[in-house]
Each structure stands twice: as C-alpha cells, then as structure tokens.
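The values are calculated or read from the model by the stated rules, or taken from the named source; none is laboratory data. Here the structure is a predicted model, which is why all the values come from computation and not from measurement. Every residue, glycine as well, gets a Cβ built from its backbone with ideal geometry; the counts of neighbours run over all protein chains shown. SASA here: full protein model, heavy atoms, side chains in, ligands and nucleic acids out. Shrake-Rupley method; radii C 1.70, N 1.55, O 1.52, S 1.80 Å.
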Amino acid sequence: MQLDILTPEKKIYSGKVYGIQLPGTEGSFDVLDQHAAMIASLGKGKMKILTDKNNSTSYEINSGFIEVLNNKATVLIEGAIAL
C-alpha cells in the first residue's frame, strides 16, 4: 500500500508500507494492504507505520484525518513527534 503522511509544513513520510496503526477519535484502528475505501478522523495518540511485518516507525500525533482509496492511504495531521 502507498502511504503519504503530510503536515501543513512538510511531508513526514511517503512510500510503500505493510500497514499503519492509528489513534482514531473512537479508538485505535489498523489499515492494512488492500483496505476498503474510507475516511476517518484521528485523535491524540501513537501512529505506528508498519514498513513490513517486522519493522516499524512511531510518531506521537494530536489530530488529523486519513483517507484510504485504491490501495493508497493519505494521512493529514497537524504535526508529529518521532518516538
């Protein structure tokens, strides 16, 4: 799945991933390869990028949105702090 993570200032990440774990406003959820189309709001918490089944990168985020369409996920957030 192609993942792009954007803030108003810069692009945090762009590349192919296995999946992403996100803090939704209604609870945490995962988006994996070939996920159905969706739009969701994000809350404060840990965002984990799963580059493959064994490697990951994490960020602390405050709020934002994710759009998933045609095996591409776009995450729009206010900012992120690498963990």
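Numbers below:
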| quantity | calculated |
| --- | --- |
| In the stretch 47-76, residue farthest from ALA37 (Cα to Cα) [restricted to those that are of a type in the set (D, E, K, R) and in contact with a strand residue (DSSP E or B) (Cβ under 6 Å, 6 or more places away or on another chain)] | GLU60 |
| Which numbered condition LYS53 fails, given (1) loosely packed, with under 11 Cβ neighbours inside 10 Å; (2) outside any loop (DSSP other than H, G, I, E, B) | (2) |
| Top-ranked residue of the stretch 1-17 - restricted to ones that are more than 16 Å from ASN70 (Cβ to Cβ) and aliphatic (A, V, I, L, M), ranked as least open to solvent (accessible area, probe 1.4 Å) | ILE5 |
| Residue satisfying condition, being of a type in the set (Asp, Glu), in contact with a Ser or Thr (Cβ under 7 Å, 6 or more places away or on another chain) and surrounded by 11 or more Cβ atoms within 10 Å (Cβ to Cβ), within set GLU60, GLU78 | GLU78 |
| Candidate set: the stretch 18-45, residues that are closer than 18 Å to ALA82 by Cα and within 10 Å of the chain's Cα centre (by Cα); chosen: the one surrounded by the fewest Cβ atoms within 10 Å (Cβ to Cβ) | GLN21 |
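Yes/no per residue for (1) in contact (Cβ under 8 Å) with a residue 40 or more places away in the chain; (2) over 14 Å from MET1 (Cβ atoms):
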position	(1), (2)
GLY45	no, yes
SER56	no, yes
TYR59	yes, yes
ILE66	yes, no
